[in-house]
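The values are calculated or read from the model by the stated rules, or taken from the named source; none is laboratory data. All values derive from a computational prediction rather than experimental measurement. Neighbour counts are summed over all protein chains in view; Cβ atoms, including those assigned to glycine, are modelled from backbone coordinates with ideal geometry. We work out accessible area using only protein heavy atoms, side chains counted, and drop any ligands, DNA or RNA first. Shrake-Rupley method; radii C 1.70, N 1.55, O 1.52, S 1.80 Å.
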Amino acid sequence: MAVQVNHFRSSLLKQPKPPFFTSSKTRTFRLNTAASSSIQQLIQSGEVTPIPPKDAATALNSDGFKLLDIRPQWEREKAYVKGSLHVPLFVKDMDNSPITLLKKWVHFGYIGLWTGQNFTMINPNFVQEVDTAVSEDKDAKLLVACGEGLRSMMATSKLYDGGYKNLGWLAGGFNRSADSDFPEVEGPEKLQYATIGGVSYYFLKLLLLLQAVGKE
């Protein structure tokens, strides 16, 4: 059953999306090729340090990194690491023009209902808000994190271009973490499941219940 749960969770993150009506995840996939190339170059040059979840506690407690959670607010409300900074890379799109309203409606029917993801836009003030969060300290050591590691690729590239040179990237994101990787987690859900919402959330809960029953 554990294999089934893991397969289900992975499948939720790989649902096909329409090319026109986008959420934060689909916009991430569109930009992922450029972000991935940029991150790979920065990692190869030693400018960015990839840190898997199992090594995150050491990075935070011993290496002086501060965890920067760039997930949208509705994901962070489900689960977050205590003491982490929060500056969302994607924010809810508040435009109510007719075209945008149409996009939002179709997005909800095609994506939002299943995944629970809102219709979003890139936060235009992302780097400036990070500046404020770290008191304009460009030397701050930031471990940039999101749910699956894709959005944090983009965020890390933006921060590097914005003058931050002591950056770490949480490889694989919170979805790849174990309960013991971030022992001080707050919120009603497990950190690994915070990106899952909508109808898929209830399917996940059912599978977890069946898994628990199977162990009894």
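Before moving on, here are some points about what is shown:
- Some residue of segment 16-35 being within 18 Å of the chain's Cα centre (by Cα), at pLDDT 95 or above and in a loop (DSSP other than H, G, I, E, B): no
- Unique residue being more than 13 Å from Arg71 (Cβ to Cβ) and not hydroxyl-bearing (Ser, Thr, Tyr) when the list is Leu142, Leu150, Leu170: Leu142
- Breaking point among (1) outside any helix (DSSP H, G or I); (2) of a type in the set (S, T, N, Q); (3) at pLDDT 90 or above, for Thr195: (3)
- Failed item, numbered, when Thr120 is tested on (1) touching a strand residue (DSSP E or B) at 6+ places or on another chain (Cβ under 7 Å); (2) modelled with pLDDT of 95 or more; (3) hydroxyl-bearing (Ser, Thr, Tyr): (2)
- Qualifying positions in segment 154-178 - open to solvent by less than 10 Å² (accessible area, probe 1.4 Å) and under 16 Å from Thr49 (Cβ atoms): Ala155, Thr156, Leu159, Tyr164, Leu167, Gly168, Leu170, Gly173
- Subset of segment 53-96 that is polar (S, T, N, Q) and within 15 Å of Met121 (Cβ to Cβ) - its residue that is least open to solvent (accessible area, probe 1.4 Å): Gln73
- Among the residues of segment 137-153, those identified as open to solvent by 10 Å² or more (accessible area, probe 1.4 Å) and either in contact with a Ser or Thr (Cβ under 8 Å, 6 or more places away or on another chain) or at pLDDT below 95 (or both) are Glu148, Leu150, Met153.
- Of all residues making up segment 39-52, the number that are more than 21 Å from the chain's Cα centre (by Cα) and either touching a residue at least 12 places away in the same chain (Cβ under 8 Å) or open to solvent by less than 60 Å² (accessible area, probe 1.4 Å) (or both): 2
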